[in-house]
Amino acid sequence: MAVPKKRTSKSRRNRRRAHHDHVDAVNYVTCARCGSPRLPHAVCPKCGFYKDRQVFEVETESTSEEA
Ligand SMILES: [Zn+2]
């Protein structure tokens, strides 16, 4: 079985672990229809469109007033 030849120093160990808890930035693309940021390969939450097709009706203030 492979065994470490030298003890890892605190410095080296801490440098190795330093990037373990970092958070990756969420990837955003711009909606081609309304220009708002949205996640790639996902329906736009602002206009409800995906690939030039309306997937769902977007709830607006005017529609909520009618109900
Ligand atoms: Zn949109």
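Every read-out reported here was derived from the displayed coordinates using simple, explicitly stated rules and does not represent laboratory data. Quantities reported herein were computed from a predicted structural model and do not represent experimental measurements. Heads up, the Cβs are rebuilt from the backbone with ideal geometry, glycines too, and the neighbour counts pull from every protein chain shown.
Some notes on this structure:
- Cβ-to-Cβ counts within 10 Å put Phe49, Phe56 in ascending order as Phe56, Phe49, the fewest first.
- The chain - Rg and Dmax from Cα coordinates, angstrom: 23.8, 74
- Chain lengthening between His19 and Leu39 when straightened (0.36 nm per residue, less Cα-Cα): 4.7 nm
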